[in-house]
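Student: If you scroll down you'll find the structure; I have some questions about it.
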Amino acid sequence: MPNPSAPSADDVAQATATLAHVQNYLHTDPSVTDVLPLLAALLDEDTGVPILLGDIIRNAAHLVAQEAKDDSDEIRLIVGELREAAQEATDWHVLHWDVQRLSGHAFGPASPPAS
């Protein structure tokens with residue numbers, strides 16, 4: 001399998017811009033039925049953001065540990081924090097089960113606030 005090409009900073013910025021677009025869309029109070037497919041893709045147990053983010057951070061920690069010129073306490077602390085954050089991000093993948101369970105419920109338009 002060939003090595004993938006390195007993404008550019010613009011590629012990463014485009015990915016985060018897409019996430020910001022989803023965030024902005026959610027602020028418009030769309031219906032849950034419109035949001036569930038977005039959540040399903042974002043939280044997919046194999047390819048969703050938590051899995052990808054966890055793997056990215058975990059790999060970054062490995063690279064830092066491997067290439068650090070010194071083995072200082074500060075480097076070990078940073079690598080440890082990155083590994084901890086990677087595990088926390090990966091743990092969020094269980095939210096895909098919640099999205100699947102939500103799909104089995106009926107949702108209607110939001111009720112206006114009581115006066």
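Student: I need the full set of residues from the stretch 7-44 which are part of a loop (DSSP other than H, G, I, E, B) and within 11 Å of the chain's Cα centre (by Cα), in order please.
Tutor: Listed by number, the residues that qualify are LEU43, ASP44.
Student: Go through (1) touching a residue at least 40 places away in the same chain (Cβ under 8 Å); (2) over 20 Å from ALA15 (Cβ atoms) for GLU74 and report which single condition fails.
Tutor: Status for GLU74: all satisfied but (1).
Student: Here are some conditions: (1) surrounded by 15 or more Cβ atoms within 10 Å (Cβ to Cβ); (2) at positive phi. PRO50 meets all but one. Which one does it not meet?
Tutor: Of the numbered conditions (1) surrounded by 15 or more Cβ atoms within 10 Å (Cβ to Cβ); (2) at positive phi, the odd one out for PRO50 is (2).
Student: Suppose we filter GLN87, GLN66 for residues that are of a type outside the set (Asp, Glu), part of a helix (DSSP H, G or I) and loosely packed, with under 10 Cβ neighbours inside 10 Å; which single one remains?
Tutor: The conditions single out GLN66.
Student: Consider ILE75 carefully, then state whether it is modelled with pLDDT of 95 or more and within 30 Å of ALA6 (Cβ to Cβ).
Tutor: Against the criterion (modelled with pLDDT of 95 or more and within 30 Å of ALA6 (Cβ to Cβ)), ILE75 does not qualify.
Student: Go through (1) outside any helix (DSSP H, G or I); (2) surrounded by 10 or more Cβ atoms within 10 Å (Cβ to Cβ) for PRO4 and report which single condition fails.
Tutor: It is condition (2) that PRO4 fails.
The values are calculated or read from the model by the stated rules, or taken from the named source; none is laboratory data. If you're wondering where the values come from, they're calculated on a predicted model, not measured in any experiment. All Cβ positions, even for glycine, are placed from backbone atoms using ideal geometry, and neighbour counts span all protein chains on display.
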